[in-house]
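Structure record follows, encoded as structure tokens.
The values are calculated or read from the model by the stated rules, or taken from the named source; none is laboratory data. What you are looking at is a predicted structure, and each value in this text was computed from that prediction instead of being measured. Cβ sites come from the backbone with ideal geometry, for glycine too, and all protein chains shown count toward neighbours. Just so you know, the surface numbers come from the protein's heavy atoms only, side chains and all, with ligands and any DNA or RNA stripped out. Shrake-Rupley method; radii C 1.70, N 1.55, O 1.52, S 1.80 Å.
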Amino acid sequence: MIQYAWLITVMPLAAFCIILGLTYRQKMASALVAIFCMGVSLALSLGVLLAVVHGGEAELSLTWFTLGDWRFEVGVLVDPMAAVMFVVVCFITFFDMIYSIGYMHGDPGFSRFFAFLSLFAFSMLGLVAANNFLQIFIFWELVGLCSYLLIGFWYDQPGVALPPPSAGMRAFITTRIGDVGLLIGILMLAAALPTLNFREVFAAVGAGQVPAGLATTAAILLFMGAVGKSAQFPLHTWLPDAMEGPTPVSALIHAATMVAAGVYLVARLMPIFNAGSASLEVVAYIGGFTALLAASIGIVFPDFKRVIAYSTISQLGYMFMALGITGAATAGMFHLTTHAFFKALLFLAIGSVIHAAESQHMRDLGGLRKYMPVTAFTFLMGALALSGIPPFAGFWSKDEIIYSAVEHGQTGLAVLGLVVAFMTAFYIFRVYFGTFGGEIPEHRRHHHYHEAPPTMTVPLIVLAIMAIVVGWVGTPWANYFAAFLAPEEHLAAGPDSTALTLMAISTVIVVVAILSAWLVYGRKRVPDVDAEPLARGIPWLHKFLINKWYIEPFYYGVIVRYGAVGLAYVAAWFDRHVIDGIVNGIAAIVGGVGQGLRHVQSGYLQFYAMVIFAAVVIVAVYIALFVTV
Amino acid sequence: MVPWLSLMLWLPLLGALIIFCLSRERQQPAKVVALVFSLIELAISLGLYFGYDRAAAGFQFAEKYSWVAALNINYHVGVDGLSLPMVILTTFIFFCAILASWGENRRAKEYFFLVMILETAVLGVFTSLDLFLFFLFWELELIPMYFLIGIWGSDRREYAAMKFIIYTMTGSAFMLAGFLAMYFLAPTPTFDMIELAQAGFTPAVQGLLFILIFLGFSVKLPMVPFHTWLPDAHVEAPAPISMVLAGVLLKMGGYGLIRINAGLLPEGLKLYVPYLAVLAVISVIYGAYVALGQKDLKTMIAMSSVSHMGFVLLAIAAMTPMALNGAVLEMFAHGTVSGLLFFCIGLIYERAHTRQIAELTGGLAVQVPRIAVAFIVASLASLGLPGMSQFVAEFLVFLGSFPALQVPTIIATTGIVFTAGYYLWTVRRIFYGPLNPRWAHLEDMNKAYEFIPLVVLVALTVLVGLYPNIIINWSDTSLVALGL
């Protein structure tokens, strides 16, 4: 089975080519091609996972090209981490595509949508499969391209907060800032040990061939790439903007898979981070701070789809915190896995709402439980999973992170984790009550609400089931997930007293948070931003949070406006008037160029004669110089 | 034995002669002759390319005849793995540019006559192994280019044409001085590159020669601060001539730097590595910044060329085979991609009669989706998207330069952010958003002669991007043979 792992990656590429080449005009055929190919990938990925569970591992590799002593390869590294990621990506993409049939129904770009989704799946799976730095960088850029194309999918629309193509552009450029770090990190490692193959690099790092200082610097630079792609502070601003894309895109790319690529990258390259262990602290603190920052904005944001986007940023922060604290892949990867399912679910459910209500703003939503029971129920499952109520998926993975923090003596981060857990439960139930609870707002009484078609509700139900059960593979009583990913660091069987206490504490915190959300938003609909209790109670804090800590005004109003565009205009002026002016001026002084410009034809010959003369003079001087020497 | 190289070199001149004899009344025959000759050129060059024995480094298909015996000047031509990629780039770009000129009906006979001469001149530069011959072709290139800009250009065409000439020639004066100095300082006076490579100049002499010749090539590359002729020339030149200018003429500078500065004067190069690295980084970053601030599409792409040629200069400064392979690949890749970009601009200008980004805003993707896709693909290629040729080229330049020039390479990598910035911002403004009613009458691409160059250039970009062996397997042995 494992030797077919490369097919997992190639199938969606085939779908992309078939759609562009053959079925572009037959919309439903395009969708079916994409879904069929994805289904094959899903089946293969499950087979590969099974094979890996039974002890199989493999590295397949082809030489792409060689240059000097360098061999550049394309490969598939099938190990437990990749096997899990394959399944996560294929599973969510498959159901996301089915959902998209309903969601994108009637869109003129239907085939283009499925083509791009397939291209994305190819790129993402190629990234997961990578066995070397060049390949991961290539697919890293390609998922960025797909993200750009899909955020800006509705390229002629005005968008909710900004035009979709502007959002796509911001996403691409912001993540590329991180990519520069990733690229330099790769160059540093490549220069230190002439290979780009992961296992060879890890072996060399393990053998101490890379000095700790270099490993630390390289690891932090590699992490920069992850910061960009996974929307961590300070490069987090693009992700909420990415919500301008169609919601299936938000669910798949900007929640479940691509944004988790940063986490996967760090988990994959953990030996390098461990070799320069100071880098792990950077990872942990950036992750922790981002978790707090994004959750705090999520509490007040009136655009509910964006609240879930901030939630994604915050949860990714948790994952980095886990990676940084433990210096191991398991806890972070476990949260990545559970999060992928419940966050995709939350997005698809809110997408169902947007589809019906044609709005994602709190002032237009409310009272939908009656009209959209399946959506409401599945959203609730996702919300409970995200909040971390036992036995839902998020509980187990989040709990493991907080427990690791305590175990590694990072009490501060553990407390932060609990605070964020409170905020998380609060904001997601704010969205839940604000959307499904209460009454339909006055101005929307005549809107026709309807439950989504089965193509959309079936994926919701499947994902809801996953959001409940997927965490059971990683309970402290039987942590199959950890044992699978890292057999050598097998956890002790059964939780100790600290773990049980933490479970109790976090459950209480989450229940209190949900109750608070119910008190504020559940009993009576909060009609708009101004009516928020926080806006009335502590207006300055509310203003600070709703303006996203004023980070974006600073980025776009100062850095982009003056540092990039403004300075570019200055540079253009300088080039036109100063540089050009100086060179032209010198030319005019040296010889009758002004005259030449007036009498073009004769000037040509005059100038030519002058050039030859000048050349001869220069040569004469040179020869004289060297002859005397 | 058939002298294939000479045949390729002089056939366009024969084409020019035939066009010269045609009647002035009809435009079509001149176009057909030019197209047929460019196709033959393409075929011969591909024959040479795939007939080249890669296992044996060194010049092949060489021909050497005594020309001015008294001065030891020879007609000496030959190709190796460095010149061959430039040769096929030239024949591909000329083929595409001639198709892109198919709609040119103003004095078509003269136009294609000049284009044919230009092709011979450019091929001559890439195949000459005698500095005197090299210089003749180098200068010959100026004349058709001068008229092509000066006659078929837009409003300030005479100014731009003159500026182009003056800049290049000023550089040429120094270059010629360098060649003559080399000639006289060699143990036995010679212009032959192969003999000069063994001339054994001392490092001090090489350093001085290096400066003289570098001035000539750096203007052509172009390198900041000698680059300001390029935006003017591009803005005024008709689009197909811009394709040739960006596609192949700039590569004459990069080729010269590698062939003569690095190949014949490596000790001189070593003396100036830090300065070259600084100039390269300035070209990359400053070029990108200036590109970001442009209002005209053509000046933007022109500055983008300055920025990308900075990578070539960086690789030369790094002096490692990997970086130089990257440089050759970058030249080839940039040739096809910038050719594609100027081709797209031509399509837009032909329809909208403006190149001002602000006027073209926005929503053209709604009205002319095919042109939009073409331009977006070209932009993505130019910003270094994997799967296309410039990505591999730039990665190799970085990988090869980093060990030798850490800080400059690190600064140069930040160029990829700016590049993404100006391309995506331009694409966003012109093609996305609601359709500007002013452009509701534009017609999309619909003629075969519009599709062929597009398909050829995109195919080359993707082919080399996926399978870079088809360039570096040729360039590598020759670059290693430089022995840097």
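If I go through region A:564-586 residue by residue, how many of them are open to solvent by less than 30 Å² (accessible area, probe 1.4 Å) and either of a type in the set (A, V, I, L, M) or over 30 Å from B:GLY171 (Cβ atoms) (or both)? Show your work before the answer.
First pass over region A:564-586, keeping only residues open to solvent by less than 30 Å² (accessible area, probe 1.4 Å): A:564, A:566, A:568, A:571-572, A:575, A:579-580, A:585.
Subsequent filtering for residues that are either of a type in the set (A, V, I, L, M) or over 30 Å from B:GLY171 (Cβ atoms) (or both) retains A:564, A:566, A:568, A:571-572, A:579.
So the answer is 6.
Could you list, in sequence order, the residues of region A:52-80 that are without any contact (Cβ under 8 Å) to a residue 12 or more places away in the chain and assigned to a loop (DSSP other than H, G, I, E, B)?
A:HIS54, A:GLY55, A:GLY68
Working only within region A:203-236, note down all residues that are surrounded by fewer than 19 Cβ atoms within 10 Å (Cβ to Cβ) and farther than 20 Å from A:ALA190 by Cβ.
A:PRO234 - this is the single residue of region A:203-236 that is surrounded by fewer than 19 Cβ atoms within 10 Å (Cβ to Cβ) and farther than 20 Å from A:ALA190 by Cβ.
Looking only at region B:174-191, how many residues end up being buried (at least 22 other Cβ atoms within 10 Å of the Cβ) and either within 29 Å of B:HIS234 (Cα to Cα) or more than 8 Å from chain A (Cβ to nearest Cβ) (or both)?
So in region B:174-191, the residues buried (at least 22 other Cβ atoms within 10 Å of the Cβ) come out as B:174-182, B:191.
Keeping just the survivors that are either within 29 Å of B:HIS234 (Cα to Cα) or more than 8 Å from chain A (Cβ to nearest Cβ) (or both) gives B:174-179, B:182, B:191.
So the count comes out to 8.
Let's see how each residue does on (1) among the β-branched types (Val, Ile, Thr); (2) buried (at least 23 other Cβ atoms within 10 Å of the Cβ); (3) within 30 Å of A:ALA219 (Cβ to Cβ); (4) in contact with an Asp or Glu (Cβ under 6 Å, 6 or more places away or on another chain):
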position	(1), (2), (3), (4)
A:LEU292	no, no, yes, no
A:TYR318	no, yes, yes, no
A:GLY332	no, yes, yes, no
A:PHE347	no, yes, no, no
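When you go through (1) at the interface with another protein chain (Cβ under 10 Å from one of its Cβ atoms); (2) open to solvent by less than 10 Å² (accessible area, probe 1.4 Å); (3) under 23 Å from A:ASP69 (Cα atoms); (4) not aromatic (Phe, Trp, Tyr) one by one for A:GLY178, which number turns out not to apply?
(3)
Can you tell me how many residues within region B:410-425 are facing another protein chain (nearest Cβ under 7 Å) and not aliphatic (A, V, I, L, M)? Break it down into steps so the answer makes sense when it comes.
From region B:410-425, those facing another protein chain (nearest Cβ under 7 Å) are B:410, B:413-414, B:416-417, B:420-421, B:424-425; that's our starting set.
Within this subset, residues satisfying the condition of being not aliphatic (A, V, I, L, M) are B:413-414, B:421, B:425.
Counting residues in region B:410-425 that are facing another protein chain (nearest Cβ under 7 Å) and not aliphatic (A, V, I, L, M) gives 4.
How do the pairs read when you match residues in region A:563-586 that are at the interface with chain B (Cβ under 7 Å from one of its Cβ atoms) and on the phi < 0 side of the Ramachandran plot with residues anywhere that are buried (at least 18 other Cβ atoms within 10 Å of the Cβ) and hydrophobic (A, V, I, L, M, F, W, C), using Cβ under 6 Å and keeping only pairs 6 or more apart or on different chains?
Close Cβ pairs (under 6 Å, with a partner that is buried (at least 18 other Cβ atoms within 10 Å of the Cβ) and hydrophobic (A, V, I, L, M, F, W, C)) amount to A:ALA568/B:LEU292; A:ALA571/B:VAL290; A:ALA572/B:VAL290; A:ASP575/B:VAL290.
Sort through A:PRO234, A:PRO194 and tell me the only one that's within 13 Å of another protein chain (Cβ to nearest Cβ) and not in a helix (DSSP H, G or I).
Values: A:PRO234 fails: within 13 Å of another protein chain (Cβ to nearest Cβ).
When all the criteria are applied, what remains is A:PRO194.
Kindly indicate whether B:ALA161 is within 11 Å of chain A (Cβ to nearest Cβ), part of a helix (DSSP H, G or I), closer than 26 Å to B:LEU9 by Cα and in contact (Cβ under 8 Å) with a residue 12 or more places away in the chain.
Working: within 11 Å of chain A (Cβ to nearest Cβ): yes; part of a helix (DSSP H, G or I): yes; closer than 26 Å to B:LEU9 by Cα: yes; in contact (Cβ under 8 Å) with a residue 12 or more places away in the chain: yes.
In short, yes.
Could you check region A:132-152 and list, in sequence order, the residues that are within 13 Å of A:THR175 (Cβ to Cβ) and of a type outside the set (A, V, I, L, M, F, W, C)? Walk me through it before giving the result.
Applying the first criterion (within 13 Å of A:THR175 (Cβ to Cβ)) to region A:132-152 yields A:137, A:140-148, A:151.
The answer is A:GLU141, A:GLY144, A:SER147, A:TYR148.
All but one of (1) in contact (Cβ under 8 Å) with a residue 60 or more places away in the chain; (2) assigned to a helix (DSSP H, G or I) hold for B:ARG54; which doesn't?
Every listed condition holds for B:ARG54 apart from (2).
Hey, among B:LEU341, B:LEU313, B:LEU329, which residue is in contact (Cβ under 8 Å) with a residue 12 or more places away in the chain, farther than 18 Å from B:SER475 by Cα and open to solvent by less than 10 Å² (accessible area, probe 1.4 Å)?
The match here is B:LEU341.
Do the conditions hold for A:VAL419, that is, is it part of a helix (DSSP H, G or I) and surrounded by fewer than 22 Cβ atoms within 10 Å (Cβ to Cβ)?
On the way: part of a helix (DSSP H, G or I): yes; surrounded by fewer than 22 Cβ atoms within 10 Å (Cβ to Cβ): yes.
It is true that A:VAL419 is part of a helix (DSSP H, G or I) and surrounded by fewer than 22 Cβ atoms within 10 Å (Cβ to Cβ).
Select from region B:29-51 the residues that are more than 20 Å from B:SER475 (Cβ to Cβ) and in contact (Cβ under 8 Å) with a residue 60 or more places away in the chain and list them in ascending order.
Scanning region B:29-51 gives B:ALA30, B:LYS31, B:VAL33, B:ALA34, B:LEU35, B:PHE37, B:SER38, B:GLU41.
Looking for something within 16 Å of A:GLY262 (Cα to Cα) and part of a helix (DSSP H, G or I) - is there at least one such residue anywhere in region A:92-112? Full working, then the answer.
From region A:92-112, those within 16 Å of A:GLY262 (Cα to Cα) are none; that's our starting set.
No, there is no match, as no residue in region A:92-112 is within 16 Å of A:GLY262 (Cα to Cα) and part of a helix (DSSP H, G or I).
I'd like to know if region B:138-149 contains one or more residues that are at negative phi, open to solvent by 10 Å² or more (accessible area, probe 1.4 Å), within 8 Å of chain A (Cβ to nearest Cβ) and in contact (Cβ under 8 Å) with a residue 24 or more places away in the chain.
No: zero hits.
Considering only region B:427-459, state which residues are at negative phi, surrounded by 17 or more Cβ atoms within 10 Å (Cβ to Cβ) and at the interface with chain A (Cβ under 10 Å from one of its Cβ atoms).
Answer for region B:427-459, where residues must be at negative phi, surrounded by 17 or more Cβ atoms within 10 Å (Cβ to Cβ) and at the interface with chain A (Cβ under 10 Å from one of its Cβ atoms): B:VAL427, B:ARG428, B:ARG429, B:PHE431, B:TYR432.
What residue, of B:VAL373, B:VAL392, B:VAL366, B:VAL397, is open to solvent by 30 Å² or more (accessible area, probe 1.4 Å), more than 7 Å from chain A (Cβ to nearest Cβ) and assigned to a helix (DSSP H, G or I)?
Just a single option satisfies the conditions, and that option is B:VAL373.
Every residue in region A:346-397 that is among the aromatic types (Phe, Trp, Tyr) and within 21 Å of A:PRO248 (Cα to Cα), please. Walk me through how you get there before you give the answer.
The initial filter retains those residues of region A:346-397 that are among the aromatic types (Phe, Trp, Tyr), namely A:347, A:371, A:377, A:379, A:392, A:395-396.
Listed by number, the residues that qualify are A:PHE347, A:PHE377, A:PHE379.
Looking at region A:159-173, can you tell me whether even one residue there is within 12 Å of chain B (Cβ to nearest Cβ), closer than 18 Å to A:LEU316 by Cα, open to solvent by less than 10 Å² (accessible area, probe 1.4 Å) and at pLDDT 90 or above?
We begin by selecting, within region A:159-173, every residue within 12 Å of chain B (Cβ to nearest Cβ); these are A:159, A:162-173.
Adding the requirement that they be closer than 18 Å to A:LEU316 by Cα leaves A:171.
Retained after the next criterion (residues that are open to solvent by less than 10 Å² (accessible area, probe 1.4 Å)): A:171.
So of that shortlist, the ones also at pLDDT 90 or above come out as A:171.
Yes; the residues of region A:159-173 include at least one that is within 12 Å of chain B (Cβ to nearest Cβ), closer than 18 Å to A:LEU316 by Cα, open to solvent by less than 10 Å² (accessible area, probe 1.4 Å) and at pLDDT 90 or above.
May I ask you to say which residue of B:MET388, B:MET319 is at positive phi and within 24 Å of the chain's Cα centre (by Cα)? Give the steps one after another, and end with the answer.
Working: B:MET388 fails: at positive phi.
Unique residue meeting the criteria: B:MET319.
So, in region A:36-70, how many residues would count as being within 14 Å of chain B (Cβ to nearest Cβ) and either within 26 Å of the chain's Cα centre (by Cα) or within 18 Å of A:PHE139 (Cα to Cα) (or both)? Steps first, answer last, please.
Narrowing region A:36-70 to residues within 14 Å of chain B (Cβ to nearest Cβ): A:62-70.
Those left that are additionally either within 26 Å of the chain's Cα centre (by Cα) or within 18 Å of A:PHE139 (Cα to Cα) (or both): A:62-65.
Qualifying residue count, region A:36-70: 4.
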